[in-house]
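The values are calculated or read from the model by the stated rules, or taken from the named source; none is laboratory data. Just so we're clear, the structure is a prediction, and the values are computed from it rather than from any experiment. Cβ: placed from backbone, ideal geometry, glycine included. Neighbour counts: every protein chain shown. The area values use the complete protein model at the heavy-atom level, side chains included, leaving out ligands, DNA and RNA. Shrake-Rupley method; radii C 1.70, N 1.55, O 1.52, S 1.80 Å.
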Amino acid sequence: MKVTAHQAAVRPAGTGTGAAVVEFTNASAHACTLQGHPTVAGAGNGSPEHNIPLKVTPTGTAPAVRLAPGGKAWVKLTFVQVQGEGDGYCASGAKPAVYPTLVVGLPGSGAHQVALSEGQFAECDNTVTATAVTAAKPS
């Protein structure tokens, strides 16, 4: 599985990442099936023991998505947005977190470390809302 991520076109107001679309491409010569909501963690400086799991709030149903070789599927991650300029702030009073990469897992697909195509992942409160994997590319 090849995994990439980019900032979503539709995201909450603020100065952080807001939302990201994670793309899964079947890089094998065989069809595969993806299903479910992802697990998400801030990557911990190259060491899985230092990963910071984010609390995932799943949205939507999770039908199976069959991918032919080269086929694509997506999940959309929406973060509690960082506010303000510079280092920013969290409306909750928590300290914003910034991750160069996230570890995104799907049932039966394993965990994949992924960076944004531009920038870093910034979020508040260590929570994320996630769609189920889908064959329709989200905005």
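Is there a residue in the range 68-75 that is touching a Leu at 6+ places or on another chain (Cβ under 8 Å) and surrounded by 11 or more Cβ atoms within 10 Å (Cβ to Cβ)? So that I can check it myself, show each step before the final result.
Narrowing the range 68-75 to residues touching a Leu at 6+ places or on another chain (Cβ under 8 Å): 73, 75.
With surrounded by 11 or more Cβ atoms within 10 Å (Cβ to Cβ) added as a condition, the list becomes 73, 75.
Yes.
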**Asked** Quick one: is E85 in contact (Cβ under 8 Å) with a residue 60 or more places away in the chain, under 27 Å from T25 (Cβ atoms) and of a type in the set (D, E, K, R)?
**Response** no
**Prompt:** Of all residues in the range 28-67, how many are hydrophobic (A, V, I, L, M, F, W, C), in contact with a strand residue (DSSP E or B) (Cβ under 8 Å, 6 or more places away or on another chain), more than 15 Å from G108 (Cβ to Cβ) and surrounded by fewer than 16 Cβ atoms within 10 Å (Cβ to Cβ)?
**Reply:** 1
**Message:** Which numbered condition in (1) aromatic (F, W, Y); (2) open to solvent by 30 Å² or more (accessible area, probe 1.4 Å); (3) under 11 Å from the mean Cα position of the chain (by Cα) is the only one that Y89 fails?
**Reply:** (3)
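Name every residue in the range 99-126 that is under 23 Å from S47 (Cβ atoms) and more than 11 Å from the chain's Cα centre (by Cα), in order of residue number.
Step one: list which residues in the range 99-126 are under 23 Å from S47 (Cβ atoms), which gives 99-106, 109-116, 119-123, 126.
Residues satisfying the conditions are Y99, P100, S109, G110, A111, G119, Q120, A122, E123, N126.
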**Prompt:** Looking at the range 1-27, which of its residues are open to solvent by 50 Å² or more (accessible area, probe 1.4 Å) and at pLDDT 85 or above?
**Reply:** M1, K2, T4, H6, Q7, A9, V10, A27
**Message:** So the check is Cβ under 7 Å with 6+ separation or different chains; which pairs have a first residue in the range 47-69 that's farther than 22 Å from T25 by Cβ and a second one that's exposed (fewer than 11 other Cβ atoms within 10 Å of the Cβ)?
**Reply:** none
